[in-house]
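*Asks:* Okay, handing you the structure first.
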Amino acid sequence: MADQIQVATLGGAPAKPGRLAYIDWLRGLACLGMFQAHCYNSWLNADARQTEFYRWSQAVATLPAPLFIFLAGLSSAMITQRLREKGVSCNAIARTTILRGAEIFGLGLLFRGQEYLLGLPKSPWTDLLRVDVLNILGLSIMLVGALCWLTAAATPDISGKKGIGWGLFAAAVIAVATPWLWTTHQPSWLPWPLESYINGVHTFAQPQPWLFPIFPWVAFAFVGSAVGFLLFSDFGRKREVAVIVALGVAGIAASLLSMFFDAAPVHWYSAAIYDYWHTSPNFFLVRAGILLALILVAYAWCRWGWAQRGFSPIIQLGNTSLMVYWVHIEFVYGRFSILPKGRCSIWEATAGLVIIFLAMLALSVLRTRWKKRQAKALRASPGPAAATAESG
C-alpha cells in the first residue's frame, strides 16, 4: 500500500524532499485508522460494542480502505505522468504499472494462504478465495494502468487531461452500477469466486459489506488517478496551493451533495435496493468528499504544521504501510493476538492498540534502516553489482 510504484525503479527522478510528504502522511493516517478499527473490532466485549465509542470507532473504520485505494490510484497517476514527461512509451508505462498491480494481487493471495494455514483447523478453505483489501488494491492498480494506457495521447498534457475525465467517468459508472450488481442484477451465473470479485458474495449468495469487490471499491482508485493527474499537471504544479484548496472545497461540497441527494424525495433506485451505508452512490460521494478534504488537511499540516519538524511517526508508518498491515493482522485477529478476542473492556483494548501502534512503528523504523543499509551497500559495491542493481 505504500511504495505502490517506486519512482527509482521506473527511472523517474525522486521528488524534492518533503514535497510529497502529505501523501505518505495520509497513508500513515490510514494505518492509524486501520489499527483502531481492527483492535476494537477484535478485542472489545459485547457490552463495549453497544457503546457510542464503538459506533464512532467503526464509523472511522469506513475510511482507511478507501484512502489506501485512493492513494494507490493517485500514486499510479503521478508516476505515469512523470514517465510520460521523460518520453517513456505508453506500453512500457502500462506494463510496469500493471505488473506492479499484479504483484500486489499476488501478495494478497499469499496473505490469504498464510492466514488459512495459521488458522487451521478452524479456517475454512473458502477463505483462500476471499476478496480482501490487498486483492482489490492490486486489481485497482492494474485497472488504473489500463486506463492510463487507453488515455495516452500525443503529449503528456493532453494525456493527463484525458486521464482526469475518463478517471472520473469510470468512477461514476462503477458507483452508479453498484446497487444493481449487489441486488437485482447479481451475476449469479458466475462461479462464486468470480462473482465475489464483482459484488462480494463469497459463499453466502448475497453480497457481504465487509468484503472488497470491484464494485464499488475500484471507483476510489479512479478518483485518485484523476486527482493525481490534476496535481501533477503543469497547471497543478504551478498553482499547487490553489488546486489543493480547491480539492478540499470540492470535497466539502461533495459531502453536502451526498446528504442532499439522500434526503431528496426522488431517488434513482427503488427502496428495495437503495442502501445508503453500503452501496449507494451517495455514500461513495461522501467518502470521496472526505478523501479530498483530507488532502487539504494533510498538505497544510505537512507544509505549515509540525508534520515534518523532526521525526514523524505518521509519515514513517506511511512509508511501510504494506508491511505493517500484513504483520499487525496476526497480532490482532490471528492466532497470536496479544489480547483475548471479544473479552476486553475499552480501556484494555485501548492499551492493546497503543502496544500495536508502538510495535508497528518500531518495525517500520527497523525496515527503513535495513533498506537504507542495503542501498548503501549496493552503492559501495563493485561495478557489476551496481549495474545489476540499476537494471532491476
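The values are calculated or read from the model by the stated rules, or taken from the named source; none is laboratory data. The structure displayed is predicted, hence computed values, not measured ones. Heads up, the Cβs are rebuilt from the backbone with ideal geometry, glycines too, and the neighbour counts pull from every protein chain shown. Remember, those area values only see protein heavy atoms, side chains included, never the ligands or the DNA or RNA. Shrake-Rupley method; radii C 1.70, N 1.55, O 1.52, S 1.80 Å.
*Asks:* Name the residues in region 34-52 that are out of contact with any Ser or Thr (no Cβ under 9 Å at 6 or more places or on another chain) and surrounded by 14 or more Cβ atoms within 10 Å (Cβ to Cβ), would you?
*Replies:* Matches in region 34-52: PHE35, HIS38, ARG49.
*Asks:* Can you name the residue in region 60-97 that is hydroxyl-bearing (Ser, Thr, Tyr) and not in a loop (DSSP other than H, G, I, E, B) and, of all such residues, is most open to solvent (accessible area, probe 1.4 Å)? Walk me through how you get there before you give the answer.
*Replies:* Pass one, region 60-97, residues hydroxyl-bearing (Ser, Thr, Tyr): 62, 75-76, 80, 89, 96-97.
Pick out the ones that are also not in a loop (DSSP other than H, G, I, E, B) and you get 75-76, 80, 96-97.
On the way: SER75: 8, SER76: 1, THR80: 4, THR96: 53, THR97: 5 Å².
Applying the filter and picking the extreme gives THR96.
*Asks:* From the list GLN36, GLN58, GLN4, which residue is closer than 22 Å to SER312 by Cα and modelled with pLDDT under 95?
*Replies:* That would be GLN4, the only listed residue that is closer than 22 Å to SER312 by Cα and modelled with pLDDT under 95.
*Asks:* Got at least one residue in region 9-26 being of a type in the set (D, E, K, R), open to solvent by 10 Å² or more (accessible area, probe 1.4 Å), assigned to a helix (DSSP H, G or I) and at pLDDT below 95?
*Replies:* Yes, region 9-26 has at least one match.
*Asks:* Turning to a different aspect of this structure: Only one of THR350, THR368 is of a type in the set (S, T, N, Q), part of a helix (DSSP H, G or I) and farther than 30 Å from GLN50 by Cα. Can you tell me which? Outline the logic, then answer.
*Replies:* Working: THR350 fails: farther than 30 Å from GLN50 by Cα.
Just a single option satisfies the conditions, and that option is THR368.
*Asks:* I'd like to check something: does region 14-27 contain any residue that is among the small types (Gly, Ala, Ser) and in contact with a Cys (Cβ under 6 Å, 6 or more places away or on another chain)?
*Replies:* Yes, region 14-27 contains a residue that is among the small types (Gly, Ala, Ser) and in contact with a Cys (Cβ under 6 Å, 6 or more places away or on another chain).
*Asks:* Go through region 99-120 and give me each residue that's open to solvent by 60 Å² or more (accessible area, probe 1.4 Å) and either in contact with a helix residue (DSSP H, G or I) (Cβ under 9 Å, 6 or more places away or on another chain) or in a helix (DSSP H, G or I) (or both).
*Replies:* Matches in region 99-120: LEU99, GLU103, LEU109, LEU110, LEU117.
*Asks:* Can we say VAL241 is open to solvent by 50 Å² or more (accessible area, probe 1.4 Å) and assigned to a helix (DSSP H, G or I)? So that I can check it myself, show each step before the final result.
*Replies:* Values: open to solvent by 50 Å² or more (accessible area, probe 1.4 Å): yes; assigned to a helix (DSSP H, G or I): yes.
It is true that VAL241 is open to solvent by 50 Å² or more (accessible area, probe 1.4 Å) and assigned to a helix (DSSP H, G or I).
*Asks:* Out of the residues in region 256-289 that are surrounded by fewer than 18 Cβ atoms within 10 Å (Cβ to Cβ) and in contact with a Leu (Cβ under 8 Å, 6 or more places away or on another chain), which is farthest from PHE229 (Cα to Cα)?
*Replies:* For region 256-289, the residue satisfying everything is PHE261.
*Asks:* Next question, about the same structure. On the given criteria, is ARG287 at pLDDT below 95 and in contact with a helix residue (DSSP H, G or I) (Cβ under 9 Å, 6 or more places away or on another chain)?
*Replies:* Considered against the rule, which asks whether it is at pLDDT below 95 and in contact with a helix residue (DSSP H, G or I) (Cβ under 9 Å, 6 or more places away or on another chain), ARG287 comes out as no.
*Asks:* Applying the selection to region 177-203, what residues are more than 23 Å from PHE283 (Cα to Cα), of a type outside the set (S, T, N, Q) and open to solvent by 70 Å² or more (accessible area, probe 1.4 Å)?
*Replies:* Matches in region 177-203: TRP189, PRO191, LEU194.
*Asks:* Identify, by number, the condition in (1) surrounded by fewer than 23 Cβ atoms within 10 Å (Cβ to Cβ); (2) not in a helix (DSSP H, G or I) that VAL249 doesn't meet.
*Replies:* Every listed condition holds for VAL249 apart from (2).
*Asks:* Just one of the numbered conditions (1) assigned to a helix (DSSP H, G or I); (2) crowded, with 20+ Cβ neighbours inside 10 Å is not true of TRP149; which one?
*Replies:* All conditions are met except number (2).
*Asks:* For region 308-341: of the residues being more than 21 Å from the chain's Cα centre (by Cα) and within 19 Å of TYR22 (Cα to Cα), which is least open to solvent (accessible area, probe 1.4 Å)?
*Replies:* GLY310
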